[in-house]
Structures are given as C-alpha cells and as structure tokens.
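Enquirer: One structure, pasted below without further comment.
Read-outs throughout are calculated quantities, based only on the coordinates presented, and are distinct from any laboratory measurement. All values derive from a computational prediction rather than experimental measurement. Note: ideal-geometry Cβ built from the backbone for every residue, glycine included; neighbour counts use all protein chains shown.
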Amino acid sequence: MKIKVVELFAGVGGFRVGLNNIKSFNKNTGRANEDGDWDFVWANQWEPSTRAQHAYNCYVTRFGEEHTSNEDINKVNKKDIPDHDLLVGGFPCQDYSVARTLSNEKGIQGKKGVLWWDIAEVLKEKQPNFVLLENVDRLLKSPANQRGRDFAVMLNTFDELGYIVQWRMINAGEYGMPQRRRRVFILASRKDHNYSKEVLANENMEDYIINDGFFNDIFPISVEGYKIENKDLTKYKDSVHITEKYNQGKFSNSGIFYNGKVCNFDFKEVPEKVYPLGRVIKESSKHNDEDLSSYIIEGETLEKWEYLKGSKRIPRVKPNGEEYFYSEGQMAFPDPLDLPGRTMLTSEATTNRSSHIVFDEKLNAHRTITEVEAEMLQMFPPNWTNTGMTKRQRYFMMGNALVTGILGKIEEKLKRIIKDLK
C-alpha cells in the first residue's frame, strides 16, 4: 500500500531520494531506481530568479515529467493539487509577519511571495494527515528584533488549520552522516487522527516530549540537566496580534505545540559513529571520471584561501562614521578528513571562507571538493545532478539541498504511523 506524497519546493528531489532510499539511477534512461512505499503524486519546483530551470530539469530527468509542476506556487490553484497523505518541503526562512486586509473582512494576510502562506493554503484546501518540513535553524529565533515571532506565527497557523506540531533541530553529522549540517525538521499531524489523539492523551506533555517525542528514538538525545520552557500562544487573538505583540523569546531546539501551548527544551545529541569527509572522498573516487588535477588550488590562489580561513580583526567604519573591528575566528585549513564535512553552502567550490578545501595525498596538492563529493555530502546518488547543468550550478543545487539520510532515518517510523491510520 503506497503512501501518497506531495513535494513542494522540490529542488532536485531530496525528500523523494531520502524517503524512498534511492541509491542509484539507471545510466541508460537517467531514471532513479525507486522502489519505496512513498508515491509522489505531485511535485512543484520553480526558480523565480532565472529563466533556466535546472533543478526542475534534474527532477524530471530522474523521476519523469508526469505529476510535476514548473509553475510559480503562488499561481497554482491549490484545488488542482492531488489529495495526499503527506506534504513535504524545504522552504525558505522569510519574514512571516502578517497584517489585516484593508477591508478587514477577509481576516489576515501574509506578505505576497512569502512561501509559507502557500504551504498554509495547500493545508487548508487538501488537509493531509501529516506534514514534514525542513528549514534552517535560524527559524527558531527569527527575526533578530523580535526573537521567535516567525515560528510563533507558523505554529499558530498550524493550530488554526487543525494540526499539532513537533519539531527538532537535527545536526546530521552527529547521527552518522557525512556533513555537520543543522536544520529544523517540523512534523505536523492532524488533531482528528489517531496518532495526534494518542499524543494528546498524555497527561504530562513535558514527560512525553522529553522521553517519547516523535524524533527521540530516531535521533537519540541526552536530557541531563535539561530545562523545560513553556510558552502560551493562546494569549494572542490571532497571527496579527502575534506579529505585533509577541514577546516570549526564541524557541528551543526540540518541542511540541498543541492547542496553543508550547513545551520545548534544549538538549545534547548522543552521537553515532562518525562518517568522515575522508570516507566521502574515498568512496567518490569510484564515480569521479574527471582528471582531479583541474580541482587543484595552488600559488597565490592557495594563499588567498589560507588567508580567508584564518583569524582576522579588521578595522571598519559604520555609515555613521563610528569605527569598529570586524572579527573572524580561525577555521581548519585544510578541512580535516577524520570529521564530517562542514555545512555546505550554495557558494561551494568558489574562493571563499565557507568552501571545503582538502589536501589530496594522491595529487600531493590542495584542491576543492568535486561535484560528486558535494552530492555525497548530501547523501545523493553520485552524479545525481549531472543532467546538463554547469559545474557551478551542480554545487549550487547541493548547497540548497538537504542531507537525504535524515529522511531515510525518519521514513520507517513515519510510514508505520501513517499506515496504521490508513
């Protein structure tokens, strides 16, 4: 029995790769070797800033064009989206503030183009049983001038739409994956279904979220010395009131939201066996067809890399004439091969402080990581993005993606819960 999934902001298919544990694709057809229980009945991917739609083209190459959409999600009629059991997506961290409509007759409205409201529209129209979203950890404390407000608006929206929410900040590198990448994963479930009813039946919600929360047995934590913090969003009339008056601070790294109440706490991960960058490099060598000498960094360029990675204290002047020092700490140079890679950004492999640079013993030289190594840091099949886009675009796609192995760990438990409902 397949579980129907809709994927928003699909990129090159990270959620689909992870949930269906895709490890390879057919070299002749380009299609993914997909044999999981998750039936992706519709996927939307649209990149507004460019005419070329490289991510969508990659998705279609690997999965086929049927049941896909390459249209601005703001313009998609949400009624036309197929019914589904699970809605997934990695969406941008934006300003989620809301205001009343001019006539004050239509309730409230978010800023045009803010993609969270498209998610909310899909939930309102299709009411899937479950939602699984991914975002940067900054979401829990944004914006800077009103810590936690944006996430509070999101939680309140979920509540109005009939969902309870559990969330967890997960650092993939702590759980046997090859990249130290912190992201927030949000699981929402409809209040009127058995799983939510079972959760809500707990007499002590603090005890539940500490010991039995959805993510805890998948990604073990230590709660020694933990401190539960409760928040109450029922004191606000609606999301406009939250936008204007929220003052309860940032949210912790793990928590649950139910019927307007927040119970959350910070924790320490219980690390699993390390998946080091050196292993990625060794395994990728079976799939790299190119001469790696083209990735070598040397001479003045290498000196610039070393400077960018070093500590610095640079005098600068603010627009008002006030002087200050801009400081940066020392970073490892080259990147250590016995640890997971650092968080990969869309600027990967360009000359900047955040890109990986490794010392290759076979070449006896420093070099950037290859496109295949970038894919494997995100746990995609090797050469997944080798679909006609440039090298730079391939790195960009991986910087925008997620560590698919996290979904691989989540899917078995989530599948069991959803199938029990069905």
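Enquirer: Name the trypsin sites (Lys or Arg not before Pro) in the range 1-60 that are in a loop by DSSP and that have at most 15 other C-beta atoms within 10 Å, would you?
Expert: 2, 23, 27, 31, 51
Enquirer: Could you work out the per residue convex hull volume over the alpha carbons of the range 173-244, in cubic angstrom? Write down the numbers at each step before the final one.
Expert: Details: hull volume 12.0 nm³, N = 72.
Dividing the Cα hull volume of the range 173-244 by its residue count gives 167 Å³.
Enquirer: Taking 0.36 nm per residue of separation and subtracting the Cα-Cα distance, what length does fully extending residue 27 through residue 391 add? Intermediate values should be presented prior to the final figure.
Expert: Details: separation 364, 0.36 × 364 = 131.04 nm, distance 1.94 nm.
That works out to 129.1 nm of additional length.
Enquirer: As an exercise, find the ratio Rg/Rh for the range 106-198 from alpha-carbon atoms, using the Kirkwood inverse-distance average for Rh. Walk me through the numbers on the way to the answer.
Expert: Working: Rg = 14.7 Å, Rh = 14.6 Å.
Ratio of gyration radius to Kirkwood radius: 1.00.
Enquirer: Above 24 angstrom, tally the Cα pairs of the range 1-108 and express them as a % of all pairs, no decimals. Walk me through the numbers on the way to the answer.
Expert: Numbers: 1909 of 5778 pairs.
Counting pairs separated by more than 24 Å, the tail of P(r) holds 33 percent.
Enquirer: Quick one, what does Rg over Rh come out to for the range 291-369 if you take C-alpha atoms and the Kirkwood Rh? Can you show the working numbers first?
Expert: Numbers: Rg = 15.2 Å, Rh = 14.1 Å.
Rounded to two decimals, Rg/Rh equals 1.08.
Enquirer: Need the C-alpha centroid separation for the range 314-349 versus the range 1-55, integer Å.
Expert: The range 314-349 and the range 1-55 have Cα centres spaced 34 Å from each other.
Enquirer: Taking one equal scatterer on every alpha-carbon of the range 263-302, how large is log10 of I(q)/I(0) by Debye at q = 0.32, 0.35 1/Å?
Expert: -1.07, -1.11
Enquirer: Now, a different point. Starting from 0.36 nm per residue, how many nanometres of slack lie between residue 416 and residue 35 once their C-alpha separation is accounted for? Display every interim value, and only then the final one.
Expert: Numbers: separation 381, 0.36 × 381 = 137.16 nm, distance 1.69 nm.
Going from the current span to full extension adds 135.5 nm.
Enquirer: So what are the range 1-59's ellipsoid semi-axes, whole angstrom, largest first, if each one is the square root of 5 times an eigenvalue of the alpha-carbon gyration tensor? Could the numbers behind the result be given before it?
Expert: Details: eigenvalues 90, 49, 13 Å².
Sorted largest first and rounded, they come to 21, 16, 8 Å.
Enquirer: For a footprinting-style exposure proxy, rank 339, 133 by other Cβ within 10 Å, fewest first.
Expert: Working: 339 16, 133 23.
Going from least to most buried by this count: 339, 133.
Enquirer: Which whole number of Å³ per residue matches the convex hull of the alpha-carbon atoms in the chain?
Expert: Spread over its residues, the Cα hull of the chain gives 176 Å³ apiece.
Enquirer: OK, next. Take 273, 391 and order them by how many other Cβ atoms sit within 10 Å, fewest up front. Could the numbers behind the result be given before it?
Expert: Details: 273 7, 391 16.
With the fewest neighbours first, 273, 391 line up as 273, 391.
Enquirer: Can you give the calculated 222 nm mean residue ellipticity of the chain, where each DSSP H run of n ≥ 4 adds -39,500 (n - 2.57) and the sum is split over every residue, rounded to the nearest 500 deg cm²/dmol? Walk me through the intermediate numbers first.
Expert: Details: 12 runs with 114 residues, N = 422.
Mean residue ellipticity, 222 nm, calculated: -8000 deg cm²/dmol.
Enquirer: While we're looking at this one, here's another question. Expressed in nm², what is the orientationally averaged projection area of the convex hull enclosing the Cα positions of the range 264-333? Show your work: numbers first, answer last.
Expert: On the way: hull surface 42.4 nm².
About 10.6 nm², averaged over all directions.
Enquirer: Another one. How do 384, 116 line up, fewest other C-beta atoms within 10 Å first?
Expert: Values: 384 28, 116 22.
Starting with the residue having the fewest Cβ neighbours, the order is 116, 384.
Enquirer: Which whole-number percent gives the relative contact order of the range 207-272, counting Cα pairs below 8 Å spaced six or more residues apart?
Expert: Details: 72 pairs, mean separation 29.7, N = 66.
Result for the range 207-272 is 45 percent.
Enquirer: Please give the peptides 76-85, 235-244, 162-171 ranked by average Cβ packing (other Cβ atoms within 10 Å per residue), highest first, as a rough proxy for protection.
Expert: Details: 76-85: 14.2, 235-244: 17.6, 162-171: 22.6.
For the peptides 76-85, 235-244, 162-171, the packing ranking is 162-171, 235-244, 76-85.
Enquirer: Below 8 Å, C-alpha to C-alpha, sequence gap of six or more: please give me the relative contact order for the range 248-363 in percent.
Expert: Contact order relative to length: 21 percent.
Enquirer: To continue, here is another question. Roughly how many Å is it from the Cα centre of the range 393-422 to that of the range 276-297, as a whole number?
Expert: So the two Cα centres are separated by 26 Å.
Enquirer: Identify the residues of the range 3-31 with backbone N under 19 Å of a label point that sits 7 angstrom from the Cα of residue 126 along the Cα-to-Cβ direction, or state none.
Expert: Counting backbone N atoms under 19 Å from the label point, the list is 3-20.
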